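See below for the structure under consideration.
The values are calculated or read from the model by the stated rules, or taken from the named source; none is laboratory data. Note that the structure is predicted; figures quoted are calculated from it, not measured. Don't worry about glycine lacking a Cβ; one is built from the backbone with ideal geometry, like all the others, and counts go over all protein chains shown. Accessible surface areas use protein heavy atoms only, side chains included; no ligands, DNA or RNA. Shrake-Rupley method; radii C 1.70, N 1.55, O 1.52, S 1.80 Å.
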Amino acid sequence: MSTLLATLRAFWQAARAAGVAEAGPLVAGVSGGPDSLALLHALVHFAPEAGLRVHVAHLDHGLRPEAAADAAFVAATCAAWDVPCTVGRADVAAVAAQGGWSLEDAARRVRYTFLAGVAATVGAGAVAVGHNADDQVETVVAHWLRGAGPAGLAGMAPWAPVPLPEDHAALAAALGVPVAGAPPWLLRPLLNTWRAEITAYCAEAGLTPREDASNADPVYRRNYLRHTLIPLLEREYPGLRRRLHAGAALFADEDALLEADLDRCWPDVAAVAGDSVAIRLAPFAALPRALQRRALRRAVALVAGNLQGLDASHIMEALALLGAEGRTGAVLQWPGGLTLRRERDRAVLIPAGAVPVDTRWPQLAPGQVCPLPRVGMVELPSYLLLIAEYAPEDAPVASPWTAVFDADALEDAGGSLVLRTRRPGDRVRPLGLGGRGRKLQDLLIDGGVPQPVRDSLALLALAGGEILWVPGPGGRRAALAPLGPGTRRVRALTFVPV
């Protein structure tokens, strides 16, 4: 028993030094199996010296007839060891069917939501789970088969934020636990401890773990790796498990170095705009290929909250789209409803159902009408301000984002101004052109307004409907109320960043 306690003690010292562990409440995820039961037993013995107050979280996934007995076993064990315990239940099969997930993926999403919710309930900043060295090897092999790079081949980290799914709020409500704010830390104290060592610890401590029959079912991918593929490889290449485990640590070091490189160039390459991430094509093209792949993965993680469903083929598709041969307007559809759209000088990664926010252009929600004050400011959803003011008669037009009008002529025409988005049949009578004017659609295309922005572009118009100004470098000001020799008052409108 002393060996596992020593392992736990060394891990805790490192975790505290890294700022991811502290005295106080700690949630332990306990299924009742050998790994989690051994971890809980060691934590109970270690808690007094570390100042920990362990709280167990057990989730019945609703997938096995024995699940209720497992929950009762965990609750009884906690009662015998004087450890508080929260038992939850979820219908993982229903979650999988509703979201289109595999049972494994659905169980993971529900389990992490539950653990984070219990942590929020008891005020714990971390959750400890029983992942061991064999689990690490299985993870590395699974990632390798998926075509992962250094980040995937590094396997599981000894600590990382709990990977909450994007729908964790709805899952938390269904589970009856609080919605986690910032995710707690997920700690893996046994990541360097082999399954055989854990089995020996249980025997020495007189523990009788529950056995999960589904762990032998080859229908699950991890079980196939555990019981068939990895033993076969180990027979052909003795010592393979330990080499893969050691290799994961090496890849973790490589991964950290590349992440630091990406951190330095990320502000030049990408920008978060609302729920989307915009990737600037010129600085992206200047990155080494390894950092390009990593930048795409980071963008997906920011937009989707995780990388589930993303594999090497998706990244290769994106590299082609963003490369020299990529076509403006081309679109990729990715798992989870993600959309990657290439524009003239950038690409935008958009979550399912979202309208992309492009901070280069003033935007409103499609169909929105925003009345303007004569003098004042209006903030737009695209992080721009419209400043309305009266200006001197000789005030120059400073940029494509400023328009000036004869204030008296505007009042004669109705005066009240609004920002609105385009409507069917919109036309503009540009200054200097007569007749019925031009179709708004043609002006938007000629002005270089990206296709995804056209429905949300903020247009200056009279409250009665006539468009006065299409903002932007290629935009046009309408013929109404131009400045002239008789102008006495100038009304100026300018878009500026927030």
Out of all the residues in the range 45-63, is one or more among the acidic types (D, E) and at pLDDT below 95? yes
Scan the range 78-101 residue by residue and report those that are part of a loop (DSSP other than H, G, I, E, B), out of contact with any Phe, Trp or Tyr (no Cβ under 9 Å at 6 or more places or on another chain) and over 30 Å from H45 (Cβ atoms). D91, G100, W101
Out of the residues in the range 32-42 meeting the condition of being in contact with a helix residue (DSSP H, G or I) (Cβ under 7 Å, 6 or more places away or on another chain) and within 13 Å of C78 (Cβ to Cβ), tell me which one is surrounded by the fewest Cβ atoms within 10 Å (Cβ to Cβ). H41
Criterion (open to solvent by 40 Å² or more (accessible area, probe 1.4 Å) and free of Cβ contacts under 8 Å to residues at least 40 places away in the same chain) met by exactly one of G447, G425, G414: G425
Please state which one of L186, L229 is in contact with a strand residue (DSSP E or B) (Cβ under 6 Å, 6 or more places away or on another chain) and among the hydrophobic types (A, V, I, L, M, F, W, C). L186
Some residue of the range 77-85 being farther than 24 Å from A133 by Cα, modelled with pLDDT under 95, over 32 Å from the mean Cα position of the chain (by Cα) and open to solvent by 50 Å² or more (accessible area, probe 1.4 Å): no
If we keep just the residues of the range 275-327 that are among the charged types (D, E, K, R) and within 20 Å of V453 (Cβ to Cβ), which is modelled with the highest pLDDT? R280
Restricting the range 143-158 to residues that are among the aliphatic types (A, V, I, L, M) and in contact (Cβ under 8 Å) with a residue 24 or more places away in the chain, the residue that is farthest from A18 (Cα to Cα): A148
Considering residues that are part of a strand (DSSP E or B), within 11 Å of W361 (Cα to Cα) and open to solvent by 20 Å² or more (accessible area, probe 1.4 Å), the number found within the range 456-478 is 0
Residue identified as at positive phi and in contact with a helix residue (DSSP H, G or I) (Cβ under 7 Å, 6 or more places away or on another chain) among G88, G62: G62
Any residue that is closer than 23 Å to A116 by Cβ and without any contact (Cβ under 8 Å) to a residue 12 or more places away in the chain - is there at least one of those in the range 19-29? yes
Working only within the range 48-76, note down all residues that are buried (at least 21 other Cβ atoms within 10 Å of the Cβ) and under 30 Å from Q13 (Cβ atoms). L52, V54, H55, V56, A57, H58, L59, V74
Before we move on, is D406 in contact with a strand residue (DSSP E or B) (Cβ under 8 Å, 6 or more places away or on another chain) and either charged (D, E, K, R) or within 18 Å of P366 (Cβ to Cβ) (or both)? yes
Within the range 159-185, work out how many residues are touching a Leu at 6+ places or on another chain (Cβ under 6 Å) and either in a strand (DSSP E or B) or on the phi > 0 side of the Ramachandran plot (or both). 2
How do the pairs read when you match residues in the range 110-122 that are open to solvent by 20 Å² or more (accessible area, probe 1.4 Å) and of a type in the set (A, V, I, L, M) with residues anywhere that are at pLDDT below 95 and not in a helix (DSSP H, G or I), using Cβ under 7 Å and keeping only pairs 6 or more apart or on different chains? A120/P178; A120/A180
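Per-residue answers, yes or no, for (1) touching a residue at least 60 places away in the same chain (Cβ under 8 Å); (2) open to solvent by 50 Å² or more (accessible area, probe 1.4 Å); (3) of a type in the set (F, W, Y):
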position	(1), (2), (3)
E211	yes, yes, no
F251	yes, yes, yes
L262	no, no, no
V269	no, no, no
D275	yes, yes, no
R280	yes, yes, no
Quick check: anything in the range 291-306 open to solvent by 40 Å² or more (accessible area, probe 1.4 Å) and outside any helix (DSSP H, G or I)? yes
So the check is Cβ under 8 Å with 6+ separation or different chains; which pairs have a first residue in the range 168-181 that's open to solvent by 70 Å² or more (accessible area, probe 1.4 Å) and a second one that's part of a helix (DSSP H, G or I) and of a type outside the set (A, V, I, L, M)? V179/G117; V179/H168
Could you list all residues from the range 131-141 that are open to solvent by 10 Å² or more (accessible area, probe 1.4 Å) and not in a helix (DSSP H, G or I)? H131
When the range 13-31 is examined, which residues are found to be open to solvent by less than 10 Å² (accessible area, probe 1.4 Å) and either out of contact with any strand residue (DSSP E or B) (no Cβ under 7 Å at 6 or more places or on another chain) or part of a helix (DSSP H, G or I) (or both)? A15
